Amino acid sequence: EAQVTQNPRYLITVTGKKLTVTCSQNMNHEYMSWYRQDPGLGLRQIYYSMNVEVTDKGDVPEGYKVSRKEKRNFPLILESPSPNQTSLYFCASNTGGLYNEQFFGPGTRLTVL
Amino acid sequence: AQTVTQSQPEMSVQEAETVTLSCTYDTSENNYYLFWYKQPPSRQMILVIRQEAYKQQNATENRFSVNFQKAAKSFSLKISDSQLGDTAMYFCAFMTPGNTGKLIFGQGTTLQVKP
């Protein structure tokens, strides 16, 4: 089954404790993105990757890092989480080309105390 | 910069009735794509319908249809014969082709379908 998976689905942590949210897709997509969803703001892109070892900032990259060492994986790293990073996070992948349909993961609810 | 605006934070509709969700966007691009996504309580993002800007015909998917007004930069979603399972948050989104797949989302509209 074609899918994007994320782990963990829920995470409660404390300020400053480094964490990683994993994302994996099995569709051989070149493009992958991370979004955060906040009430009243919709979803906003954090980082994206166009291929292995190629990443770039989205609209809200501050406080986040990403890496793309393999095509299928695109982890999101919060090296020193802060309470303003409490949010719902989505990983997505897409095919590229003329029409880019996004496939979303199930979401990760992160709470930073 | 492109922006997407959904001016209705919450809406409600009676089961079997029709409801229209509004969306406006701003762009200087001529070729782009527009989407409506549904997010039920499970939080999963589900693609409802998409529209290519170069197509004049409004997209339709079963009970869901859009009214795409390119000159007015308007992209509303009509849900006919509303069902309880349509209760969800709905997001309007914009994408330019050849981009990295970046979607620009509106703020979302929470739709409640009442029995």
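The values are calculated or read from the model by the stated rules, or taken from the named source; none is laboratory data. In this text, all values refer to a predicted model and were calculated from it rather than measured experimentally. All accessible areas refer to the heavy atoms of the entire protein, side chains included, with ligands and DNA or RNA removed. Shrake-Rupley method; radii C 1.70, N 1.55, O 1.52, S 1.80 Å.
How big is the B/A interface in buried accessible area, both sides summed, 1.4 Å probe, to the nearest 100 Å²?
Values: alone 6450 and 6240 Å², together 10690 Å².
Looking at B and A, the buried total is near 2000 Å².
Using just the C-alpha positions of chain A as equal point scatterers, what log10 of I(q)/I(0) does the Debye formula give at each q in 0.13 1/Å?
-0.44
How many angstrom lie between the C-alpha centres of segment B:12-65 and segment A:64-113?
Here the answer is 24 Å between Cα centres.
For segment B:49-115, I need the span (max minus min coordinate) of the C-alpha atoms along each principal axis, in Å, sorted largest to smallest.
Between the extreme Cα coordinates on each principal axis of segment B:49-115 lie 42, 24, 20 Å.
In Å, what Kirkwood hydrodynamic radius results for the protein assembly as shown from the alpha-carbon pair distances? Each step should come with its number before you reach the end.
On the way: mean 1/r = 0.0551 Å⁻¹.
Kirkwood radius, the protein assembly as shown: 18.1 Å.
In angstroms, what radius of gyration and Dmax does chain B have, counting Cα atoms only?
13.6, 43
Determine the alpha carbon to alpha carbon distance for each of A:57/B:102; A:18/A:71; A:17/B:38; A:71/B:102; A:57/B:73 and list only those over 22 Å.
Working: A:57/B:102 11 Å; A:18/A:71 24 Å; A:17/B:38 33 Å; A:71/B:102 18 Å; A:57/B:73 27 Å.
A:18/A:71; A:17/B:38; A:57/B:73, as the Cα separations exceed 22 Å there.
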